[in-house]
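Worksheet: one structure, shown below.
The values are calculated or read from the model by the stated rules, or taken from the named source; none is laboratory data. For clarity, every value in this text was computed on a predicted model and none was experimentally measured. Here the Cβ positions follow ideal geometry from the backbone for every residue, glycine too, while neighbour counts run over all protein chains shown.
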Amino acid sequence: MRDTLSVIIATKDRHDFVKRCFDSLMKQSEKPDEVIVVDSSKNKMQLRGAKVFHKICNLSEGRSFGAKAAGGDILLFLDDDVVLDTEYIRTIKDFYESNPDCFGAEGAIANQRNRRIMERLFTFQSIGSIFLDSKSFRVRGLCGSNMSYRREVFNFYDFDTSIEWLVEDDDFSLRASKRFNFYYVSDAKVYHLPASTGGGNRDRDNKKMYSKRIHFIFRTFRNTEKKNILDFISFFMSNLVIFARLIKSNNPRGIKGVLDAYWSMVSSSHE
């Protein structure tokens, strides 16, 4: 029997984006069994066809609440500002069905694929498969814009609700990957069309956001056991790509956040 799938969208003050995402879900060749929206907005939203919960909370709390409320065998977490290819859900469910060892999967962000891959090299387990253009490969971390898990994963792990936003996805998946296998599925495509306000993107040029990202990459690298040459390459490239993108986009606050993170880590290492 085919696994059921629940979609969970945690959002705040971006009703129009949620509706756009929901419309793409309703156009799927294989529709989700339920859509859960955890809305932290001051003004309650109405969305026919979805289960909407009004709960003032941070992103991690919203995702944790949605996971507990969902009834599907597979839980798919989406950012509110993504639009799914019409075959996305069918492709993800087919992959789970064909790969019983898979307990988590993410699709490709079609309009940001190369940038996202380079930024997230530190979460990959087999870098070589990227350059061979593999259809799918093992990863340690899943991207929160579109990440799915078998329900069983939540018997052992939950989102760290002390992380209000940003890296909550990596934190959860990197912890859970110690027990379960996760995959990047390139045939499952989404389009990230980020909002300029609300959610995590409200601080796109905020130095705190980039400082947190660099700190997380360093902590992940430090905690990786039995490091090999590919771990060092991915660590270096992840840092380099983020810094180069900030320079290219002329983002002084982001650059300041990265430099502050480097300085704090160097200072703490000499204490």
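Before moving on, here are some points about what is shown:
- Filter result for Asp171 (surrounded by fewer than 23 Cβ atoms within 10 Å (Cβ to Cβ) and not in a helix (DSSP H, G or I)): no
- Number of residues in the range 133-168 that are among the charged types (D, E, K, R) and either part of a helix (DSSP H, G or I) or outside the structural domain of Arg90 (by TED's automatic domain parsing) (or both) equals 3.
- Condition met for Glu30 (over 17 Å from the mean Cα position of the chain (by Cα) and without any contact (Cβ under 8 Å) to a residue 60 or more places away in the chain): no
- Restricting attention to the range 154-180, the residues being of a type in the set (Gly, Ala, Ser), out of contact with any Leu (no Cβ under 6 Å at 6 or more places or on another chain) and closer than 23 Å to Gly72 by Cβ number 2.
- Complete set of residues in the range 1-30 that are surrounded by fewer than 18 Cβ atoms within 10 Å (Cβ to Cβ), out of contact with any Leu (no Cβ under 7 Å at 6 or more places or on another chain) and among the basic types (Lys, Arg): Arg2, Arg20, Lys27
- Members of the range 239-250 found to be within 23 Å of the chain's Cα centre (by Cα) and modelled with pLDDT of 75 or more, listed by number: Asn239, Leu240, Ile242, Phe243, Ala244, Leu246
- Taken together, Gly71, Gly62, Gly66, Gly49 contain a single residue that is of a type in the set (Gly, Ala, Ser), assigned to a loop (DSSP other than H, G, I, E, B), assigned by TED's automatic domain parsing to the domain that holds Leu166 and at negative phi, which is Gly71.
- Filter result (of a type in the set (Gly, Ala, Ser) and surrounded by fewer than 18 Cβ atoms within 10 Å (Cβ to Cβ)) within the range 226-253: Ala244, Ser249
- Scanning the range 1-8 for residues that are more than 18 Å from the chain's Cα centre (by Cα) and at pLDDT 95 or above turns up at least one hit.
- Tally of residues being within 21 Å of Leu166 (Cα to Cα) and in a strand (DSSP E or B) across the range 1-35: 5
- Identity of the residue in the range 83-132, charged (D, E, K, R) and assigned to a helix (DSSP H, G or I), that ends up modelled with the lowest pLDDT: Glu119
Quick grid of which residues meet (1) at negative phi; (2) modelled with pLDDT of 75 or more; (3) among the polar types (S, T, N, Q):
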| site | (1), (2), (3) |
| --- | --- |
| Arg175 | yes, yes, no |
| Asp203 | yes, no, no |
| Arg213 | yes, no, no |
| Thr224 | yes, no, yes |
| Arg253 | yes, yes, no |
| Gly257 | yes, yes, no |
| Ala261 | yes, yes, no |
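- Positions within the range 31-79 being surrounded by fewer than 18 Cβ atoms within 10 Å (Cβ to Cβ), closer than 17 Å to Phe159 by Cα and basic (Lys, Arg), in sequence order: Lys55, Lys68
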